[in-house]
Amino acid sequence: MKRAALYARVSTARQEQEATIESQVKEVEEKIKLDGNVLLPHLRFIDDGWSGELLARPELDKLRDLARKKEFEILYVYDRGRLARKFSYQELILEELADLGIEFITLHDVNAITAEEKVLQSMQGVFHEYERVKIAERMRRGKLGKTRDGKLLGYNPLFGYRYIPKTRNKNGYFVVNDPEAEVVRKIFTWVGVDKHSMRKVIKKLYELKIYPQKHKRDSWTKGPIIRLLKNESYIGRHYYNKTEAVIPQKPKDLNGKYKRIRKSSRKDRPRDQWILYKCPPIIDEDLFYKVQKQLEFNQKYSNRNRKHDYLLRGLVVCSCGITRVGQKGGDNLYYRCADRIYNYPLPQRCHQGAINAGVLDRLVWRHVIKLVSNQELLVKQASRWLNPQRFSDRIKDAEIDKMEEQLVKLNEEEKRYLQAFGSGLASFEVYERQIKDLKARRQRLRNEIIEQRSMSKQANLYSRLNIKQLCQNASEKIQNWDFSKKEQLVRKIIDKIAANQHLAVVKGFIPLEYKESNVAFKLKDRDCGTPKCWKIHLI
């Protein structure tokens with residue numbers, strides 16, 4: 001009688017094609033009993049749901065540790081593929097066991113004693129790896145074939161949709177989930193029209209008590225919102241085969257925890273490999289592309305991307321066409337061509353000198369002040385804003401009336417649920433679930449009505465102000481703005497600044513009737529040397 005150990009493993013992706021853990025364990029235990037050996041409880045090693053591509057598995061590691069301590073004399077497995085799906089990993093483990101004098105028994109492979117049998121068993125190990133590749137490729141091609149025929153495979157639907165599973169006569173398909181779709185429209189509008197940052201979107205969702213799809217927490221996070229905003233499914237273009245699993249280049253520190261799969265990250269495949277499935281759109285394409293531009297803008301001007309205050313950050317372009325980036329040299333800040341960064345490790349191609357950021361910022365801001373202090377222009381702009389605003393107030397009033405009608409309908413719906421529960425047509429669990437959802441919808445509507453009324457009051461206040469007085473107040477306040485407000489104004493007015501050490505041309509959204517639509521200035525008398533030694537004197 002020998003002390004025996006048992007090892008079993010099943011990958012979740014293969015549960016339907018291969019023996020389950022229970023059937024493996026039962027068959028191996030019967031074999032151990034038949035051979036007259038003893039299996040102690042702590043020598044049962046089971047990795048349920050672990051990929052055979054991985055060598056680092058919790059129970060397999062325990063088995064190898066106890067093998068070194070000679071806790072057992074013989075190891076039983078269902079077949080070699082349970083140890084690993086890679087032939088090299090199988091051979092590594094078996095060599096360890098052989099060196100420790102531990103016997104290895106497989107129920108469905110040749111148990112090697114002679115040299116010929118060892119070669120035959122190794123060949124069977126190679127076939128285990130081949131089988132894994134074959135099954136994976138067959139499944140991949142089968143899925144691609146079905147999706148190219150317009151069939152949707154089993155889906156966890158996107159936020160805003162419901163997935164209707166396939167039936168015998170009809171393929172699965174997406175339908176719009178109206179409450180969630182309304183939230184999607186709000187998020188796109190906040191970013192694409194109202195130009196909100198991700199933090200502000202998260203705050204508004206929290207205030208309106210709109211929870212994430214799985215509701216694991218009460219507030220949204222940045223990642224899911226950005227993925228939602230970049231997903232073309234919301235304009236009716238859903239893609240299959242869009243991404244592929246890859247090994248992460250910068251894996252997260254799991255504090256010693258095991259990873260069930262190696263390829264835990266994903267990357268986009270080339271677009272020509274994507275398979276299109278048309279689904280009902282939730283938003284229009286114009287709004288979608290506005291959002292993409294705003295996301296690029298937010299990323300470009302994110303406060304995380306700066307260590308120092310550059311007023312024209314991201315706007316200054318070198319004469320070679322490449323953006324200039326901020327650089328500190330000594331006590332001064334400079335805008336320097338980023339060619340040396342983009343072309344690294346090759347030699348830089350652009351040799352234009354750096355521009356003193358302090359000088360350029362002051363000059364451009366001086367011209368911006370001159371522009372926005374032009375009272376004639378300000379009066380025209382204020383009139384253009386207030387007239388549509390008065391028209392939009394009437395639209396907002398109609399929207400508020402519509403939302404109040406929806407509130408009345410929700411109250412009537414609540415009464416019907418109460419009557420159904422009282423008459424015994426619905427159980428308490430069903431009643432409680434429906435009422436909870438109804439109360440959440442009602443609270444969202446109430447919050448939205450409060451927000452719309454607040455915006456309407458603010459617009460009415462502006463409309464009653466004297467336009468000239470409003471413009472004069474604005475000009476006075478601009479003089480005392482802090483850096484962040486100056487930066488916001490500059491970005492709204494200026495599109496690009498083409499500059500070298502001698503000339504800067506400012507291009508932006510300036511009315512055509514304004515004669516100084518292009519602001520140009522020259523610099524002269526700079527001392528030669530490294531950027532930190534430059535001294536620039538203005539004309």
Item checked: Difference of contour (0.36 nm per residue) and Cα-Cα distance, residue 400 to residue 48 -> 121.2 nm
Next item on the list: Please work out how much length the chain gains when fully extended from residue 98 to residue 446, using 0.36 nm per residue of separation minus the C-alpha to C-alpha distance, in nm with one decimal.
Entry: 118.1 nm
Next item on the list: Using packing as a proxy for protection, rank 160-169, 349-358 so that the peptide with the highest average count of other Cβ atoms within 10 Å comes first.
Entry: 349-358, 160-169
Notebook entry, point to check: Which stretch or stretches of segment 41-62 have amide N atoms under 20 Å from the point lying 7 Å from residue 29's Cα along the Cα→Cβ direction?
Noted result: 41-49, 59-60
Next item on the list: Can you tell me which of 197-208, 212-223 comes out highest on packing, and rank the rest after it, using the mean Cβ neighbours within 10 Å?
Entry: 197-208, 212-223
Check: Tally Lys/Arg at +1 and Asp/Glu at -1 over every other residue whose Cβ is under 11 Å from the Cβ of residue 242; what's the total?
Finding: +2
Margin query: Using alpha carbons only, how many angstrom separate the centre of segment 214-235 from the centre of segment 150-192?
Written below: 14
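Go through 214/492; 186/496; 222/492; 143/204 and tell me which ones have a Cα-Cα distance over 29 Å in this structure. Display every interim value, and only then the final one.
On the way: 214/492 38 Å; 186/496 31 Å; 222/492 25 Å; 143/204 40 Å.
Too far apart for the 29 Å limit: 214/492; 186/496; 143/204.
Read-outs throughout are calculated quantities, based only on the coordinates presented, and are distinct from any laboratory measurement. Keep in mind the model is a prediction, meaning the values are calculated, not measured. In this analysis, Cβ positions are derived from the backbone assuming ideal geometry, glycine residues included, and neighbour counts consider all displayed protein chains.
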